[in-house]
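Comments concern the structure below.
Please treat every number below as a calculation from the coordinates, not as lab data. Quantities reported herein were computed from a predicted structural model and do not represent experimental measurements. All Cβ positions, even for glycine, are placed from backbone atoms using ideal geometry, and neighbour counts span all protein chains on display.
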Amino acid sequence: MGKSIRIGLFGLGTVGSGLVNIIERRKQRLMQSAGIELSVVKAVVRNPTKKRSCETEGIHVSTSYESILEDKEIDIVVELIGGTEDAYRIVRRSLESGRPVVSANKALLAEHGQELTTLARTHNQAFFAEAAVGGGMPILKTLRESMVANRITSLAAIINGTTNFILTKMAEEGLSYYEALKLAGEMGFAEADPTLDVEGIDAQQKLRILAAHILGGTYPKGEILCEGITRLDEHDFTFAKKHNYAIKLLALAQRFENDIELRVHPTLISKLHPLASVRNEFNAVFLNGDAVGEIMLAGRGAGSFPTASAVYADIVDICTRTQNPSAEPEISQEALNIVHPMEVTSEYYICFTIDDKPGIIGEIATILGKHKISVSSITAELIPNAEDLGRLDIIVHQSKEKAIRDAVREVAELPRVHGEGKFIRIQRGLS
Ligand code: HSE
């Protein structure tokens with residue numbers, strides 16, 4: 001007879017039922033390899049009569065938080081209900097009562113990660129949340145443990161499956177943004193409110209967690225430039241294709257001597273970069289460490305079994321630890337300034353719709369020059385079937401975000417320019 005470990009599970013939805021299925025599937029193997037008998041004994045759900053995608057026989061299912069929090073026989077608490085309020089209280093109380101916690105909650109980790117990790121340490125307990133970033137792709141443990149020899153100098157990541165799926169469908173199948181969004185919703189990996197996905201907020205939360213794992217500390221959302229994919233259209237993909245770029249929603253962290261830039265936005269990257277080949281709902285993180293050089297992890301960033309795979313690994317990690325359960329290489333906070341979102345620099349592709357009349361290019365170039373923006377190339381072409389309307393594609397050298405925004409706003413006010421104009425950042429060297 002092995003050691004019995006009893007799990008109290010908050011949430012029996014997509015990830016929770018995936019976890020119950022994986023525990024069942026791996027039962028024998030875990031007993032053989034570690035002598036551990038793992039079982040979910042209690043689950044707390046919002047609707048106890050709802051049909052589940054796993055066997056619930058033997059699990060006491062209720063709506064009472066206290067049924068788990070007050071049960072001294074529960075060895076590990078697993079929080080999969082999402083949100084930050086109830087989840088925060090559940091994690092705090094569990095740690096305070098001397099129980100380790102596994103979570104998949106990115107919002108909770110982004111807002112309270114450092115506080116809860118410190119609390120866990122104080123109570124000599126583990127608090128793990130590998131599934132919060134990248135689903136089944138084990139990036140947090142990689143940063144915490146496998147990369148301890150390294151100072152991470154840069155990170156570029158595709159960490160939202162929904163948007164990567166939408167961008168893949170727009171690029172490869174010519175779907176419109178709305179067609180691709182509808183399809184993504186049907187696939188089931190979007191958030192309950194897909195605005196969080198398409199506006200880049202989900203990726204921003206995950207970047208805040210990654211930054212905390214690289215540099216220590218916490219990262220308020222106001223300090224991270226965040227732009228989603230809702231303004232991308234067919235012309236952007238035509239431009240990208242013509243110039244051998246892919247368009248990806250990237251989360252970027254770039255370290256300079258005393259500063260760090262953190263940003264999330266649609267990005268033009270070379271089609272030859274490994275991140276360009278990450279398709280559909282897959283996630284990937286491309287890292288540069290000063291000892292190891294470049295490495296890339298890729299995997300399914302969402303879905304029942306991939307996410308539950310990371311939750312299960314955290315549980316087994318806790319069960320099999322022989323040393324101090326909260327012992328993790330502590331990430332001491334580095335004294336780096338976060339570059340203000342309006343001060344970050346990049347190359348940009350800018351696009352305007354114009355009246356195709358002499359002199360307009362000169363007027364636009366003058367405004368760009370006034371904002372100290374140096375042009376690398378300009379191409380103008382007539383828009384088919386739109387009388388005298390043209391499109392101007394401009395690529396500019398490294399410029400500041402604020403200068404680009406101010407210049408684009410000023411150009412858009414010219415009488416012979418139509419619409420707001422738009423820009424996409426270009427990332428050349430990602431290493
Ligand atoms: N909505 C998220 C995504 C789910 O699409 O990546 C995983 O966090």
Helix 177-187 versus the longest principal axis of the chain: what is the Cα-based angle in degrees, 0 to 90, to the nearest 10? 10 degrees
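Determine the sum of side-chain charges near His273: Lys and Arg each +1, Asp and Glu each -1, restricted to other residues whose C-beta is under 10 angstrom from that of His273. Mind dumping the intermediate values first?
Values: positive: Lys248, Lys271, Arg428; negative: none.
Summing Lys/Arg as +1 and Asp/Glu as -1 gives +3.
Apply the a/c threshold of 1.5 to the C-alpha gyration tensor of the stretch 94-168 and tell me whether it is rounded, prolate or oblate.
Numbers: a/c = 2.62, a/b = 1.57, b/c = 1.68.
Oblate.
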Between Asp193 and Arg46, what is the FRET efficiency for a Förster distance of 22 Å, r being their Cβ-Cβ separation, to the nearest 0.05? 0.85
Between helix 106-122 and the chain: long-axis angle, C-alpha atoms, 0 to 90°, nearest 10: 40 degrees
Cα long-axis angle, helix 85-96 against the chain (0 to 90 degrees, to the nearest 10): 40 degrees
Could you tally the net charge around Ser176, taking each other residue with its Cβ under 15 Å from the Cβ of Ser176, Lys/Arg +1 and Asp/Glu -1? -3
If packing is taken as the mean number of other Cβ atoms within 10 Å per residue, what is the order of 131-137, 5-11, highest first? 131-137, 5-11
Convex hull volume of the Cα atoms in the chain, per residue, in Å³? 149 Å³
Ranked by how many other beta carbons lie within 10 Å on average, peptides 230-236, 209-215, 392-398 from highest: 209-215, 392-398, 230-236
Among Ile201, Ile81, Ile373, the residue with the largest mean-square fluctuation in a Gaussian network model of the chain built from Cα contacts under 10 Å is Ile373
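Where Lys and Arg each count +1 and Asp and Glu each count -1, what net charge lies around Cys54 among other residues with Cβ under 15 Å from its Cβ? Display every interim value, and only then the final one.
Details: positive: Arg25, Arg26, Lys27, Lys42, Lys50, Lys51, Arg52; negative: Glu24, Glu55, Glu57.
So the environment of Cys54 carries a net charge of +4.
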Quick one: what are the phi-derived ³J(HN,Hα) couplings along the stretch 27-33, Karplus 6.51/-1.76/1.60 with θ = phi - 60°, whole Hz, x for glycine and proline? 3, 5, 4, 5, 5, 5, 7
Residues of type aspartates and glutamates that Lys242 reaches as a straight line, Cα spacing below 13 Å, ignoring anything fewer than 8 places off in the same chain: Glu234, Asp393
In whole angstrom, largest first, the equivalent ellipsoid semi-axes that the Cα gyration tensor gives for the stretch 246-396 are 45, 22, 12
Of the convex hull enclosing the alpha-carbon atoms of the stretch 1-94, the direction-averaged projected area in nm² is 6.1 nm²
When the dipole is taken about the Cα centre of the chain, and only Lys, Arg (+1) and Asp, Glu (-1) are charged at their Cβ, what size is it in debye, to the nearest 20? 920 debye
List the lysines whose alpha-carbon lies under 24 Å from that of Lys402, not counting same-chain residues fewer than 8 positions away? Lys221, Lys248, Lys370, Lys372, Lys422
I need the phi-derived Karplus couplings for the stretch 218-229: 6.51 cos²θ - 1.76 cosθ + 1.60, θ = phi - 60°, integer Hz, Gly and Pro marked x. 10, 10, x, 4, x, 8, 10, 4, 9, 9, x, 10
Counting only Cα, what are the radius of gyration and maximum Cα-Cα distance Dmax of the stretch 211-279, in Å? 14.4, 42
Just report the Cα centroid separation between the stretch 183-227 and the stretch 362-376, whole Å. 34 Å
